[in-house]
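Values quoted throughout were computed directly from the atomic coordinates according to the rules given, and no laboratory measurement underlies them. Small disclaimer: the values here were computed from a predicted structure and weren't measured. Ideal geometry is used to build each Cβ from the backbone, glycine not excepted, and the neighbour counts take in all protein chains shown.
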Amino acid sequence: MSRLVLQFEGAVLKEIPLGTRPVTIGRAPDNDIPIDNLAVSNYHARVYVEAGSLVVEDLNSLNGSFLNDIRVERAMLKDGDAILIGKHHIFVDQVHDAAVPADGLRKAPAPRVNETMVLDTRERREMFEQAVAAGERSQLSPDRVRVPTLTVLRGRTDQKEYRLAGKLTVIGRSEMATVRLRGWFTPSIAAQINKHEDGYYLGRGDLVPKVNGIEIGALTKLNDGDLIEVGRVRLNFLYRD
Amino acid sequence: MRIEAGARTDLGRVRKNNEDCYQIVPALNLYVLSDGMGGEAHGEVASTLAVQTIMAHCEQAENSRATPTFGEPHPDVSERTNRLASAIHLANRKVFEMAGANPGHKGMGATIVAAWIEGQRLSLAHVGDSRAYLLRAGSLEQLTADHSLVAEKVRIGILTPQEADASELQSVLTRAVGTNENVEVDADEQMLLVGDSLLLCSDGLSRMVTDPEIASTLLTSTSAQNAADRLVDLANENGGVDNVSVIVLRILPKQESVLDRLKIWKRNSG
């Protein structure tokens, strides 16, 4: 079967088999080939079969569709043609189905990206700019800083309240512990809290802590107001302003 | 606690040269693994230089407090973890300079995953898509976040993990050592517990072997070396399309008492 191969900076992003339906290309997510780039119009172009021939048609896009580097409105396609939309290339890979009896004679898939490559800073920035912008918009008040704290409700500890400043917060008898527990039978590492990109996670040490009365299994994400029990110590996890 | 280490590297079934490199320094409890890239025998130049630079820098820092630091320190991790990150910044500089000085080495680079253990505290730093996993109480957790295009897209929610696994873009890294003048290093720390297993691996393992397979291999192995051997064998059985390297660490009690064994057994069965 014929197909279109979407490439960005030489790397294959997607392969789209060509059927009887037109294949649409654009920035809107409901396209067959969505390209998330501001240089691409919402409904930028389409590729379809007309009287047995493959055709590319520009849908009045702002920045145009280019066939082998020439701006086109409508053009017939042949095997190996390159369509340029924004910074993305779409290659035409035509296989004549009639002559292909079975899998054995199928054309080998497009070359895979075997060699490891690295994006440069600008490419990375471009790729993630939009996502970051969306994330920022969804935040209620970006300038409000909230400090994660543990407040001791019960048990023997060296302080009554702790601010979680580092990536690792150890709860236990150890000298390395942030929340230092006392008591003869308290383990040196009773539990630990790890800071991840999306929040704070409680994990076991030599004790299995409880969150809101339930023993944790794997790492458990802490929510504002959670009640943590480590042995006989009871802590309240709070985000303070 | 004491650390039992095992390691293995293998060409895999497709590649003609091994661009991976690992090194273990028991005296420092320092373990570093790197996957080089650049083709035509330059990948291993990059990975070897990176690993050796990290080892030398950490050793020097152990012996002399006056050892300079490289890169911006992370305020939220310990001095030791920052030292490990500093070593990777220095490795980045050295690989980058070498790539710039020799036209034949242009474009070479490497991933790094490095673990440094002091007492019970594990310092972990990485760049690229080589990974660290922790097996604790029977469940496997990936401690590192890949610096690859597909992984970053999964993290911001524009790709599902399933789409990422099927993607042909898995080899596209967003960060590597030696490809830019500066590099951002991820650094993190953890407290290790008796009974834990830690795995450092190149993508030749993580792309070929599923997480459940990794977990069950670590759980059922007789030693760290046995686990390393079996993981590499599994990667090759599943296709072995890339070089594969693993370092396995098992955290054992100093002298195993009946109580310790009971604790580990209880944890793994509960």
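In angstrom, the C-alpha Rg and Dmax of the range B:113-270 are 16.6, 53. Fewest neighbouring Cβ atoms within 10 Å first, the residues A:V12, B:V150, B:V113 line up as A:V12, B:V150, B:V113.
Counting neighbouring beta carbons within 10 Å and listing from fewest to most, the residues B:K254, A:K195, A:K87 come out as B:K254, A:K87, A:K195. Over all Cα atoms in the range A:1-96, the spread is summed up by Rg and Dmax: 11.9, 35 Å.
Which of the chymotrypsin sites (Phe, Trp or Tyr not before Pro) found in the range A:158-241 are loop residues per DSSP with 10 or fewer other Cβ atoms within 10 Å of their Cβ?
Numbers: sites: A:Y162, A:W184, A:F185, A:Y200, A:Y201, A:F237, A:Y239; in loops: A:W184, A:F185.
When the chymotrypsin sites (Phe, Trp or Tyr not before Pro) of the range A:158-241 are filtered for loop state and at most 10 Cβ neighbours within 10 Å, A:W184, A:F185 remain.
Size check on the protein assembly as shown: the Cα extents along the three principal axes, sorted descending, read 86, 51, 48 Å.
Across the range B:86-141, the volume of the C-alpha convex hull divided among the residues equals 79 Å³ per residue.
By the compact-protein rule of thumb, 2.2 N^0.38 Å, the alpha-carbon radius of gyration of the range B:1-64 corresponds to a ratio of 1.28. Rounded, prolate or oblate: pick one for chain B, where a ≥ b ≥ c are the square roots of the eigenvalues of its C-alpha gyration tensor, a/c under 1.5 means rounded, and failing that, prolate if a/b is larger than b/c, else oblate. Taking the square roots of the gyration eigenvalues as a ≥ b ≥ c, chain B is oblate. Size of the range B:145-228: Rg and Dmax of its alpha carbons, in Å, are 15.6, 44. With the simple model of a label 7 Å out from the Cα in the direction of the Cβ, A:A51 to A:Y239 spans 6.3 nm. Computing FRET efficiency as 1/(1 + (r/R0)^6) for A:N212 and B:N238, where r is the C-beta to C-beta distance and R0 is 56 Å, gives about 0.85.
The stretch between B:E181 and B:W265 holds 25.4 nm of extra length on full extension. This uses 0.36 nm per residue minus the Cα-Cα distance.
For A:M76, B:M37, the sequence from fewest to most other C-beta atoms within 10 Å is A:M76, B:M37. With both labels modelled 7 Å from their Cα along Cα-to-Cβ, the A:D158 to B:N226 distance reads 4.1 nm. Volume per residue of the convex hull around the Cα atoms, evaluated for the range B:228-270, comes out as 96 Å³. By its C-alpha gyration tensor, with a ≥ b ≥ c as the square roots of the eigenvalues, how is the range A:141-213 shaped: rounded for a/c under 1.5, else prolate for a/b larger than b/c, else oblate? It comes out prolate by the Cα gyration axes.
If only the Cβ of Lys and Arg carry +1 and only the Cβ of Asp and Glu carry -1, the dipole of the protein assembly as shown around its Cα centre is close to 2000 debye.
Placing a pseudo-label 7 Å from each Cα along the Cα-to-Cβ vector at B:A166 and B:K254 gives an inter-label distance of 5.3 nm.
Number of Lys-Lys pairs in chain B with C-alpha atoms under 29 Å apart and a separation of 8 or more places or on different chains: 6.
Annotation note: GluC sites (Glu not before Pro) in the range A:154-241 located in DSSP loop regions with a Cβ neighbour count of at most 14 within 10 Å are A:E175, A:E197.
When the P(r) of the range B:199-270 is calculated, the portion above 14 Å amounts to 61% of the C-alpha pairs. Rg of the Cα atoms in the range B:149-196, relative to 2.2 N^0.38 Å, amounts to 1.57.
Diffusion of the range B:1-152 by Stokes-Einstein, at 4 °C in a medium of 1.567 mPa s and with Rh set to the Kirkwood radius over alpha-carbon pairs, works out to 79 µm²/s.
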